[in-house]
Each structure stands twice: as structure tokens, then as C-alpha cells.
Amino acid sequence: MTPEELAAARDRTIEDVIADDLRVLFCGINPGLMSGATGHHFARPGNRFWPALHASGFTPRRLKPAEQHELLRHGLGITNVAARTTARADELSDEELREGGRILREKVLLYRPRWLAVVGITAYRVAFAERAARVGPQEGTVGDTRIWVLPNPSGLNAHWSPTALAEEFARLREAAGIPDARDA
């Protein structure tokens, strides 16, 4: 991918991987430039989403971003708080995150996943006006959908090691009653 191709991806949107009645709908902050260029969620090579998803037992093997639609077979999906592609999440305004939270709530009410897993505590706090939120299960719901906040899997998030990140993903999988796909 050339720098020019990445720059051309700025402000693009990518399609959700979504269906009715998912077990878990994962929700990123917004697509990065690599995702905008490829059309695949969590596409940057240093992003730890796909490794954490497998290491936590959500998938039987580590999927590549280009295989994102295979998530639907496992009752999983992906969307974003903000649709606009940026180089860094901090390029989004609080207003964009709040509006994205409003749109996300509507999407959750329409598709009715059992769990909404927001990947990024800071974005969740702004989008859902929950300043004191912490990583883990939240008290609030969207309709009947429970909410879990996961750490941001970006390689820039040094606060969470790959092992700790996978352990938090596994806590969600267990709370959702999903068997470990690696055992299948």
C-alpha cells in the first residue's frame, strides 16, 4: 500500500459486517486509513483485534481482515462508532463521536445483537456520555442488548499486552455464553 493510496482513503466509509440477532456486535472507534483503503475492518497489520479474537476463543483460527465476513458464521459482526476513515481516532471530534453513538444505538435496536462490544473506552465514554465507564460489562443496555467495553486493540495502546487483551475478550466470550471455538 503506497502513501498515496492511504492518503486517498481519508474520509471513506466501509461496510458493516452485520446481521440480525448476532451473539456479539464488535464496534470499533472508526476505520483507519488501511481499513478505508482495503474495505476491511481492523486492517492495519499492527492492530491486535484479529489475534485477540482468536486467542480469546471467538474464532477457531486467526482470521485475516479480508475474511471478515466469516465472522457472521460465528454469530459475530463489526461496525464503528464513527463511520469516517481517519489516520488516527483523535482526529474525530466529540460531536462526531456523540452523533456516532446515536446512530449506533439505532443500529443496535434494529439488528438486536445480544452484546455490543465497544472497542475503545475513551470513545465509549464520549459516545454514550458515560464518563466513569471502565473496561468490562456496563450497567446500561441498548434495548435488550448488553454492553461490554473492551480495550482498544490498536498497537498504539501499550497499556494492554496481547495476553491481557485476549483475556478481556475471553471474559466477554464467557459472559456471552459462547463456547471456545478453538475446541471445536
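Just one of (1) surrounded by 22 or more Cβ atoms within 10 Å (Cβ to Cβ); (2) within 19 Å of A166 (Cβ to Cβ); (3) in contact with a Lys or Arg (Cβ under 8 Å, 6 or more places away or on another chain); (4) not hydroxyl-bearing (S, T, Y) fails for P31. It is (2). Take S56 and tell me if it is under 22 Å from L156 (Cα atoms), open to solvent by 10 Å² or more (accessible area, probe 1.4 Å) and among the small types (G, A, S). Judged against the criteria, S56 is not a match. Checked against (1) of a type outside the set (K, R); (2) in contact (Cβ under 8 Å) with a residue 60 or more places away in the chain; (3) surrounded by fewer than 16 Cβ atoms within 10 Å (Cβ to Cβ), W115 passes all but a single condition, namely (3). The set of residues in the range 164-184 that are in contact (Cβ under 8 Å) with a residue 40 or more places away in the chain, part of a helix (DSSP H, G or I) and over 21 Å from V81 (Cβ atoms) comprises A166, E167, A170, R173, A175, A181, R182, D183. Determine whether the range 89-99 contains at least one residue that is part of a loop (DSSP other than H, G, I, E, B), basic (K, R) and surrounded by fewer than 22 Cβ atoms within 10 Å (Cβ to Cβ). Looking for residues that are part of a loop (DSSP other than H, G, I, E, B), basic (K, R) and surrounded by fewer than 22 Cβ atoms within 10 Å (Cβ to Cβ), one finds none in the range 89-99, hence no.
Here is a list: R73, R98, R48. Which entry is farther than 29 Å from D144 by Cβ and either modelled with pLDDT of 95 or more or of a type outside the set (S, T, Y) (or both)?
Numbers: R73 fails: farther than 29 Å from D144 by Cβ; R98 fails: farther than 29 Å from D144 by Cβ.
On inspection, the qualifying residue turns out to be R48.
The values are calculated or read from the model by the stated rules, or taken from the named source; none is laboratory data. Worth saying up front: this structure is predicted, and the values here are computed from it rather than measured. Virtual Cβ from ideal backbone geometry, glycine too; neighbours counted across all protein chains shown. Heads up: the accessible areas ignore ligands, DNA and RNA and are worked out on the full protein's heavy atoms, side chains in. Shrake-Rupley method; radii C 1.70, N 1.55, O 1.52, S 1.80 Å.
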